[in-house]
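Please read the structure below before turning to the comments.
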Amino acid sequence: MQIDYFTYTISGHWVWAIEYGDADGLTKAEERQLSDFLESLPSDAIGWEYGEDHYFAVDEISGLYAQCVDCKLFFPKR
């Protein structure tokens, strides 16, 4: 099976919630934003890889500027 990926620019504070399903510390509005984002992803996704370098950019989940990392979402090549 060949693997492909999408790259997302995501604020670092979302990473814990995405990786571990732990939304502690997120507001109800943030939980909804995260849920909407996750529901928009490919259903056959295999997993995530998170970058280590943080930089100031627009977060793709909230649309706000934040300290972000590049995150890759892997899925079977179509």
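Read the figures in this text as sums done on the coordinates, not as results from a lab. These numbers were taken from a predicted model, which means no experiment stands behind them. Cβ coordinates were reconstructed from backbone atoms using ideal geometry, including for glycine residues, and neighbour counts include every protein chain displayed.
Can you confirm whether Arg78 is part of a loop (DSSP other than H, G, I, E, B) and either polar (S, T, N, Q) or at negative phi (or both)? The answer is yes for Arg78. Consider region 1-30 and keep the residues that are touching a residue at least 12 places away in the same chain (Cβ under 8 Å) and of a type in the set (Asp, Glu). The one that is farthest from Phe75 (Cα to Cα) is Glu30. Number of residues in region 1-21 that are in contact with a strand residue (DSSP E or B) (Cβ under 6 Å, 6 or more places away or on another chain) and among the small types (Gly, Ala, Ser): the value is 2. Total residues in region 1-10 satisfying the condition of being buried (at least 16 other Cβ atoms within 10 Å of the Cβ) and either within 15 Å of Glu52 (Cβ to Cβ) or over 11 Å from the mean Cα position of the chain (by Cα) (or both): the figure is 3. Residues of region 23-75 that are among the polar types (S, T, N, Q), closer than 29 Å to Met1 by Cα and in a loop (DSSP other than H, G, I, E, B): Ser40, Ser43.
Go through Asp24, Asp44, Asp70 for me and flag whichever is touching a strand residue (DSSP E or B) at 6+ places or on another chain (Cβ under 8 Å) and surrounded by fewer than 12 Cβ atoms within 10 Å (Cβ to Cβ). Residue meeting the stated conditions: Asp44.
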